[in-house]
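Q: Take a look at the following structure, please.
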Amino acid sequence: MSCNGCRVLRKGCSEECMLRHCLVWIQDNPPAQGYATLFVAKFFGRANLMSFLSSVPTNHRSALFQSLLYEAVGRTINPVSGAVGLLSTGNWHLCQSAVDKVLRGGGAALMESSDHLKEAESQERIEKGQPPSNTTTTHHWPSQTTETKLLTLFL
């Protein structure tokens with residue numbers, strides 16, 4: 001019987017399937033296994049996914065697949081720095097909630113709505129008293145006043 005990863009990728013499956021062992025960390029949820037496989041395969045490409053998995057020992061494939069899923073989601077949210085950037089800026093919760101969304105079947109919506117997550121990140125920065133990431137703060141030294149200007153980068 002085909003594993004859920006092979007089923008969504010429409011490829012043959014055997015007892016020695018690479019994907020079957022990669023999906024064991026998503027226990028008792030066959031649809032989530034399929035959603036995760038499909039998201040990673042769409043992001044990196046099916047051939048690249050299989051190449052990545054075949055290049056590591058069998059006992060590390062599950063960890064590699066999980067890392068690829070987090071990196072794909074992280075790059076969808078933050079295309080420049082990815083998951084590491086979200087972790088280093090204290091926004092790991094955005095990555096984790098996006099992975100949970102992918103596992104519930106919202107991967108396609110995630111790719112379309114990464115702007116919503118960026119807005120949430122900007123709102124968090126405002127609540128912490130920091131300017132949003134699309135603003136710049138100018139200091140005028142003689143009067144010691146602060147002026148915030150909106151940058152029109154990607155509008």
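The values are calculated or read from the model by the stated rules, or taken from the named source; none is laboratory data. Computed from a predicted structure; not experimentally measured. We work out accessible area using only protein heavy atoms, side chains counted, and drop any ligands, DNA or RNA first. Shrake-Rupley method; radii C 1.70, N 1.55, O 1.52, S 1.80 Å.
Q: How much area per residue is accessible in the range 14-108 when the probe is 1.4 Å and only protein heavy atoms are counted (Å²)?
A: For the range 14-108, the per-residue accessible area is 50 Å².
Q: Express in nm, to one decimal, how much length is gained between residue 67 and residue 89 on full extension, taking 0.36 nm for each residue of separation and deducting their alpha carbon distance.
A: Additional length available on full extension: 6.1 nm.
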